[in-house]
Amino acid sequence: DAKTTQPTSMDCAEGRAANLPCNHSTISGNEYVYWYRQIHSQGPQYIIHGLKNNETNEMASLIITEDRKSSTLILPHATLRDTAVYYCIVRKMKTSYDKVIFGPGTSLSVIP
Amino acid sequence: ETGVTQTPRHLVMGMTNKKSLKCEQHLGHNAMYWYKQSAKKPLELMFVYSLEERVENNSVPSRFSPECPNSSHLFLHLHTLQPEDSALYLCASSHTLQGAGGNTIYFGEGSWLTVV
């Protein structure tokens, strides 16, 4: 499976957009980019996923570069409740078995 | 509410006790997972089940014993644990094991285990 690298931590002012980068330079054509977040003491929460095109839902937007080697998760108007660890992972398309591995993620602190 | 429910949320047990963690999913999924998260560490995959059959045992010590009686329920039986086993234990489920593309993995809130 392709691996991802993310900054260890980031700060964002409340009300501003939070842009969380992820590098997945060895991603292959049959792998999706998934984002999860984990608020302290809770289970990871699914945010969004994408393959090639940019995606948007009620929580966030996902921007994937044309070469697919990196992506950015955008929280358009960060609130204090968005303080969490954000995980970027890559997952294969349908194969016999997809072992999902989480890295250390990015710890996002939203500052009042 | 993700549709994956874990009980108990908090458990304190002695090293000689036997206890169990329970997970139930209400999503109609066929695959279920146990993850462990120790303090300030990434999630570690422990066990994976598909249609009640174990397909992954990620070098987990035998003092952790999983059980999947049906596709909606998953247990983690604990016996003779060590203090270093204290962690957040997370259950998750997905429609199938087979890849991404809408086959999102959903997590429960976790069970905090303290071994004394």
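The values are calculated or read from the model by the stated rules, or taken from the named source; none is laboratory data. What you see is a predicted model, and the numbers here were worked out from it, not measured in a lab. Cβ atoms come from the backbone with ideal geometry, glycine included; neighbour counts cover every protein chain shown.
Structure values in brief
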quantity	calculated
Scan of the stretch A:1-38 for residues that are under 11 Å from the mean Cα position of the chain (by Cα) and hydroxyl-bearing (Ser, Thr, Tyr), ordered by number	A:Thr4, A:Thr5, A:Tyr34, A:Tyr36
Residue match in the stretch B:70-80 (condition: under 15 Å from the mean Cα position of the chain (by Cα), part of a helix (DSSP H, G or I), buried (at least 17 other Cβ atoms within 10 Å of the Cβ) and not basic (Lys, Arg))	no
Filter result (under 15 Å from B:Tyr33 (Cα atoms) and acidic (Asp, Glu)) within the stretch B:1-22	none
Residue within the stretch B:13-31 that is crowded, with 19+ Cβ neighbours inside 10 Å, at the interface with chain A (Cβ under 10 Å from one of its Cβ atoms), touching a strand residue (DSSP E or B) at 6+ places or on another chain (Cβ under 8 Å) and not in a loop (DSSP other than H, G, I, E, B) present	yes
Every residue from the stretch B:1-12 that is assigned to a strand (DSSP E or B) and either free of Cβ contacts under 8 Å to residues at least 24 places away in the same chain or crowded, with 19+ Cβ neighbours inside 10 Å (or both)	B:Val4, B:Gln6
Filtered residues of the stretch A:47-60 (kept if part of a strand (DSSP E or B) and surrounded by 16 or more Cβ atoms within 10 Å (Cβ to Cβ))	A:Ile47, A:Ile48, A:His49, A:Gly50, A:Glu55
Subset of the stretch A:61-112 [in a loop (DSSP other than H, G, I, E, B), among the hydrophobic types (A, V, I, L, M, F, W, C) and within 14 Å of another protein chain (Cβ to nearest Cβ)]	A:Met93, A:Val100, A:Ile101, A:Phe102
So A:Gln38, is it within 24 Å of B:Gly108 (Cα to Cα), polar (S, T, N, Q), touching a strand residue (DSSP E or B) at 6+ places or on another chain (Cβ under 6 Å) and surrounded by fewer than 21 Cβ atoms within 10 Å (Cβ to Cβ)	no
Boolean, A:Ala18 is small (Gly, Ala, Ser) and surrounded by 14 or more Cβ atoms within 10 Å (Cβ to Cβ)	yes
Test result for B:Pro66, within 17 Å of B:Asn17 (Cα to Cα), away from chain A (no Cβ under 13 Å) and touching a helix residue (DSSP H, G or I) at 6+ places or on another chain (Cβ under 9 Å)	no
One residue from A:Glu31, A:Glu55 being under 30 Å from B:Met32 (Cβ atoms), in contact with a strand residue (DSSP E or B) (Cβ under 7 Å, 6 or more places away or on another chain), within 14 Å of chain B (Cβ to nearest Cβ) and modelled with pLDDT of 95 or more	A:Glu55
Verdict on B:Ser111 being surrounded by 19 or more Cβ atoms within 10 Å (Cβ to Cβ) and modelled with pLDDT of 95 or more	yes
Verdict on B:Ser71 being more than 14 Å from chain A (Cβ to nearest Cβ) and either free of Cβ contacts under 8 Å to residues at least 40 places away in the same chain or of a type in the set (Ser, Thr, Tyr) (or both)	yes
Given (1) touching a residue at least 40 places away in the same chain (Cβ under 8 Å); (2) loosely packed, with under 14 Cβ neighbours inside 10 Å, number of the condition B:Leu51 does not satisfy	(1)
Failed item, numbered, when B:Glu84 is tested on (1) acidic (Asp, Glu); (2) outside any strand (DSSP E or B); (3) under 22 Å from A:Ile89 (Cα atoms)	(3)
